[in-house]
Protein chains: 4
Amino acid sequence: MKIRVYYEDTDLGGIVYHSKYLNFCERARSELFFGAGKSPVYNEYHFVVKKICATYHKPAYFGDIVEVKTKLEKLSRVSATLRQSIVRNGEILFEMDVTLVCLKDNRPARIPDYFLELFQKLS
Amino acid sequence: MKIRVYYEDTDLGGIVYHSKYLNFCERARSELFFGAGKSPVYNEYHFVVKKICATYHKPAYFGDIVEVKTKLEKLSRVSATLRQSIVRNGEILFEMDVTLVCLKDNRPARIPDYFLELFQKLS
Amino acid sequence: MKIRVYYEDTDLGGIVYHSKYLNFCERARSELFFGAGKSPVYNEYHFVVKKICATYHKPAYFGDIVEVKTKLEKLSRVSATLRQSIVRNGEILFEMDVTLVCLKDNRPARIPDYFLELFQKLS
Amino acid sequence: MKIRVYYEDTDLGGIVYHSKYLNFCERARSELFFGAGKSPVYNEYHFVVKKICATYHKPAYFGDIVEVKTKLEKLSRVSATLRQSIVRNGEILFEMDVTLVCLKDNRPARIPDYFLELFQKLS
């Protein structure tokens with residue numbers, strides 16, 4: 001998934017504001033669903049972020065087109081850990097492991113098959 | 001209501017990103033409710049923005065403490081128009097007229113007394 | 001220019017947060033430049049928002065793909081007024097007139113030809 | 001540092017959008033400087049985020065007043081690791097270790113005394 005860096009993403013340092021990389025990764029996760037003709041919100045199920053570990057290698061700048069890559073790192077019955085990286089012309093700018101927990105009616109729940117298939121395709 | 005300008009509010013131009021002034025005004029509107037011990041979401045009622053006219057006079061910068069001032073401009077049965085200004089040390093940076101429409105269950109509805117009192121105090 | 005609505009664009013009302021439509025319009029303005037192989041920041045020239053008048057017709061929702069359309073409304077030596085609309089499947093959700101002022105070294109300046117050509121193509 | 005949760009901070013899930021907690025922590029870091037009569041941008045020095053590890057315990061909701069607490073975890077010549085937590089009524093909602101690297105003219109640089117004193121007070 002390709003993302004253009006706009007004014008709103010930058011701060012006075014002239015680079016992308018640090019938390020915006022998380023937004024970019026979340027957009028890419030949503031597109032995993034949309035791209036498969038599904039929605040990230042299914043019946044009463046959806047995911048919330050439980051844990052994030054991220055490393056900032058190099059900054060992205062206004063006008064850059066970056067790409068978000070997503071791989072499955074670990075899949076359990078109620079959670080999925082993804083490794084996402086943000087890349088510009090083959091150069092890694094940002095890497096993150098994010099653990100998502102599945103909720104149903106706001107309680108942890110077993111990931112339904114509807115979502116499982118998508119994660120399995122990422123591995 | 002006083003608001004500090006943080007990194008996230010700025011863009012690479014070194015000034016506050018233009019749509020953020022709307023956020024600042026919305027925070028001030030929410031605080032009108034919270035400050036009176038009320039909530040902007042009451043039963044099935046809440047407000048949505050219908051119209052905005054805004055003029056940008058001078059930019060706000062990182063670290064600035066700005067103040068949002070709010071006056072009632074016009075009140076009807078289903079909508080309220082507020083005049084909000086953002087001020088730094090007595091200097092007006094930004095002015096906006098915003099028209100809010102009351103919704104109940106996502107349909108236009110007569111503004112309940114719960115909210116009316118608040119607006120009337122602003123005039 | 002097509003834009004997907006992501007989680008970050010919504011608020012607890014389940015719709016796109018009102019100031020985000022301004023962000024969408026700004027992205028479209030930036031793409032006018034990028035799409036023509038130019039940059040919105042040229043030498044010491046760039047634009048700032050001077051005035052905005054916007055009407056919210058219908059909300060956009062998570063997952064929607066909306067389109068931003070931009071027309072030139074008025075062009076003067078130092079400013080340009082654009083009419084931008086956000087459309088979903090042919091239905092207008094949002095309309096805005098935005099006046100941009102050209103700055104050089106943070107002072108109002110005559111719009112350079114580099115930018116003029118782009119605006120003229122919009123009319 | 002106390003922070004109110006506003007509409008803009010929430011998403012359609014009705015809770016604070018996950019990357020916003022990073023913004024809240026960044027505001028608290030900026031206030032460490034402002035509160036001491038200093039600026040986070042000093043001469044050509046400033047900090048960038050190098051690494052973040054965060055755990056989300058419980059969500060924050062619209063209208064909540066949360067508090068950001070900051071402790072020094074580790075201080076080296078060029079970087080500082082802070083432990084920040086976001087708390088609501090004594091309950092921890094979010095915890096994060098963030099490593100900041102000092103830059104001068106966008107190159108890693110030894111942290112000047114101007115900043116060192118502030119970090120040392122946090123331990």
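Since every read-out is calculated from the coordinates, none of them should be taken as a lab result. None of these values were measured; they are calculated from a predicted model. When we count neighbours, we look across all protein chains shown, and the Cβ atoms used for this are built from the backbone with ideal geometry, even at glycine.
Descriptive notes on the structure:
- Members of A:Lys58/B:Lys58; B:Lys69/D:Lys58; B:Lys2/D:Lys71; B:Lys20/D:Lys121; B:Lys2/C:Lys20; C:Lys38/C:Lys69 lying beyond 31 Å, as alpha-carbon distances in this model show: A:Lys58/B:Lys58; B:Lys69/D:Lys58; B:Lys20/D:Lys121
- With the convex hull of its Cα atoms as the shape, segment B:56-108 has an orientation-averaged projected area of 4.9 nm².
- Label-point spacing for A:Ser123 across the identical copies (point 7 Å from Cα in the Cβ direction), in nm and ascending order: 4.5, 6.1, 6.5.
- Distance between segment B:42-115 and segment D:1-53 - C-alpha centres, whole angstrom: 25 Å
- Built from the Cα atoms of segment A:20-80, the convex hull projects on average onto 5.5 nm², one quarter of its surface area.
- Kirkwood hydrodynamic radius (C-alpha pairs) into Stokes-Einstein, chain A, 20 °C and 1.002 mPa s, D in µm²/s: 142 µm²/s
- Rounded to whole numbers, the Karplus 3J(HN,Hα) couplings from phi for segment D:14-31 are x, 10, 5, 4, 4, 7, 5, 4, 5, 4, 4, 5, 5, 4, 5, 5, 4, 5 Hz, using 6.51 cos²θ - 1.76 cosθ + 1.60 with θ = phi - 60°, and x at Gly and Pro.
- In terms of packing, defined here as the mean over residues of other Cβ atoms within 10 angstrom, the peptides C:3-16, C:41-54 line up highest first as C:3-16, C:41-54.
- Taking packing as the residue-averaged number of other Cβ atoms within 10 angstrom, the listed peptides A:106-119, B:71-84 run from highest to lowest as B:71-84, A:106-119.
- Each Cα pair under 8 Å and six or more residues apart adds its sequence gap; the mean of these over the residue count of segment C:1-63 is a relative contact order of 51 percent.
- Using a Gaussian network model of chain B in which every pair of alpha carbons under 10 angstrom is joined by a spring, one finds that among B:Ser19, B:Ser85, B:Ser30 the greatest mean-square fluctuation is at B:Ser19.
- Between copies, the label points at C:His57 (set 7 angstrom from Cα along Cα-to-Cβ) are spaced 3.4, 4.5, 4.8 nm, reported in nanometres from shortest to longest.
- Taking every alpha-carbon pair under 8 Å whose residues sit at least 6 apart, segment B:1-109 reaches a relative contact order of 30 percent.
- Peptide D:61-74 shows a mean partner chain C-beta count of 1 within 10 Å per residue C-beta.
- Dimensions of the protein assembly as shown based on its C-alpha atoms, expressed as ranges along the principal axes with the largest first, amount to 52, 50, 44 Å.
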